[in-house]
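Values in this text are rule-based calculations from the coordinates and carry no lab data. No experiment lies behind these values; they were computed from the predicted model shown. Don't worry about glycine lacking a Cβ; one is built from the backbone with ideal geometry, like all the others, and counts go over all protein chains shown.
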Amino acid sequence: MQEWVYENDDENLIRYVLGTVGDRTLLCFGVNPSTASPNNLDNTLKKVHKIALFNDYDSWIMFNVYPKRDTKFDNLPDVHNDEIHIKNIEKIKKYFNNTSTNNESEISVWLAFGNHIYERNYLPSCLKDIYNAIKDYNISWLTSGLNKSGSPKHPLYQKDNTILEEFKMDEYIVTLK
């Protein structure tokens, strides 16, 4: 049985990290976390787990562009909290450092935030900040396909046997306003 990694705030209103660590870990970015916790995955993370396994990863770690928990995206605040955002980036960098002790190892990153990235003015800038914090790692950027908008698809409605495909993150990030 794999060890869970789970980092949240004291009130459980913020979740920075959830997943398992194995020999071949897939790092994943959603838009914001819902109710999932270790041994109690929501439907999105059940799907992430299945797709990761199908793509020959033995583990996965979920991060989010903005770590505020809410089961309804529309309940996210209209303005982000800088303190939460900065702490989110610190947590993400910690796991990137642990996944790649030297920048020669490739890190697989699945972008899975869907069109919600466009639905709060601060989300694109949060994603850009995260990207700038990790872009110097040797990253293989992946998606499960693209929406008409060009954003990476959310995993929930993807098939369990979805093949993750290469994504040109360097080109995408400059399109975000």
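Within the chain, the longest segment free of exposed loop sites, counting GluC sites (Glu not before Pro) that fall outside DSSP classes H, G, I, E and B and have at most 11 other Cβ atoms within 10 Å, spans 12-103.
Given Cα pairs under 8 Å that are at least 6 residues apart, what percent is the relative contact order of the chain?
RCO, the chain: 23 percent.
With neighbour counts taken as other beta-carbon atoms within 10 Å, the residues 105, 59 rank, fewest first, as 105, 59.
Across the chain, Cα-Cα pairs more than 29 Å apart make up 11 percent of the total. Over all other residues within a Cβ to Cβ distance under 13 Å of residue 149, the charged ones net out to +2, with Lys and Arg as +1 and Asp and Glu as -1.
Ordering 96, 34, 57 by Cα displacement along the dipole of segment 1-105 toward the positive end leaves 57 in first place; charges were set at the Cβ atoms of Lys, Arg (+1) and Asp, Glu (-1).
The charge dipole of the chain, taken about its Cα centre with unit charges on the Cβ of Lys, Arg, Asp and Glu (plus for the first two, minus for the last two), comes to roughly 460 debye. Here the residues 72, 159, ranked from fewest to most Cβ neighbours within 10 Å of their Cβ, fall in the order 72, 159. Here each label is just a point 7 Å from Cα along the line to Cβ, and for residue 43 and residue 58 those points are 3.2 nm apart.
Which of 68/91; 46/153; 47/87; 87/153 have a Cα-Cα distance over 22 Å?
Details: 68/91 14 Å; 46/153 16 Å; 47/87 27 Å; 87/153 26 Å.
Where the Cα-Cα span goes over 22 Å, the pairs concerned are 47/87; 87/153.
Rounded to the nearest 5, the antiparallel percentage of DSSP beta bridges internal to segment 3-173 is 50%.
Along the axis of the charge dipole computed for segment 3-173 (Cβ charges of +1 for Lys and Arg, -1 for Asp and Glu, origin at the Cα centre), the listed residues 84, 105, 66 are led at the positive end by 66.
Look at 170, 10 and count the other Cβ atoms within 10 Å of each Cβ; fewest to most, that gives 10, 170.
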